Structures are given as C-alpha cells and as structure tokens.
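Below is one structure, written out as structure tokens; the observations come after it.
The values are calculated or read from the model by the stated rules, or taken from the named source; none is laboratory data. Bear in mind the structure is a predicted one, so any value in this text is a computation, not a measurement. Don't worry about glycine lacking a Cβ; one is built from the backbone with ideal geometry, like all the others, and counts go over all protein chains shown. Surface areas here come from the heavy atoms of the whole protein model, side chains and all, with no ligands, DNA or RNA. Shrake-Rupley method; radii C 1.70, N 1.55, O 1.52, S 1.80 Å.
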Amino acid sequence: MSLSIFYKKHFNGILLAISLCVSALWSHAQPVVNFAAYCDSKEVFLNGSLEVTFRLKNANGTDFSAPEFTGFTVAAGPNLSESMQ
C-alpha cells in the first residue's frame, strides 16, 4: 500500500488524533481560575472570634474589596498574602 493511499484511507482518523492532541495541550495550558471564601469555624459563640479568608488562584486580582460584616467587630485586617506554587 503506498503512503498516499494510506493517508486517503485514514485521513479522518489522523485528523481526529491531531485535534485531540491539540485540544489536550490547550486545556493543559489554560489553568482554571478559582475564587473562594473560607471560614475557620462552622460555629461561632457570642463574643467569639473567627477568621474569613478570600483566596484567588491562577489569576492576578486587583481592586478587591471585602464585603461588609454588619454586626461584627473587625479585630484585624485586611491582610494581604501572596505566594507562588
């Protein structure tokens, strides 16, 4: 079987394989951006304390403003932390 006949017979399969490889590389190159809020406890007693953490992954954040915590006394913060992983 000559090479050109092979390509003609299997063109769709080759095209599909190339498309899958390119899409796999593309999806691997694009990290997922994630923004989440965490609290260090599930239950807070009267006059107790808690810590709320906002975390942004795989993106650069600018102009973030935390929500109002009406009815709470803010003991410290906001604090900024940056890390590379």
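Points worth noting:
- Take the Cα of residue 44, step 7 Å toward its Cβ, do the same at residue 65, and the gap between the two points is 2.1 nm.
- Counting Lys and Arg as +1 and Asp and Glu as -1 over every other residue whose Cβ lies under 15 Å from the Cβ of residue 52, the net charge comes to -2.
- Distance in nm between pseudo-label sites at residue 51 and residue 37 (7 Å out along the Cβ direction from Cα): 1.8 nm
- Among 42, 57, the order of accessible area from largest down is 42, 57, computed with a 1.4 Å probe on protein heavy atoms.
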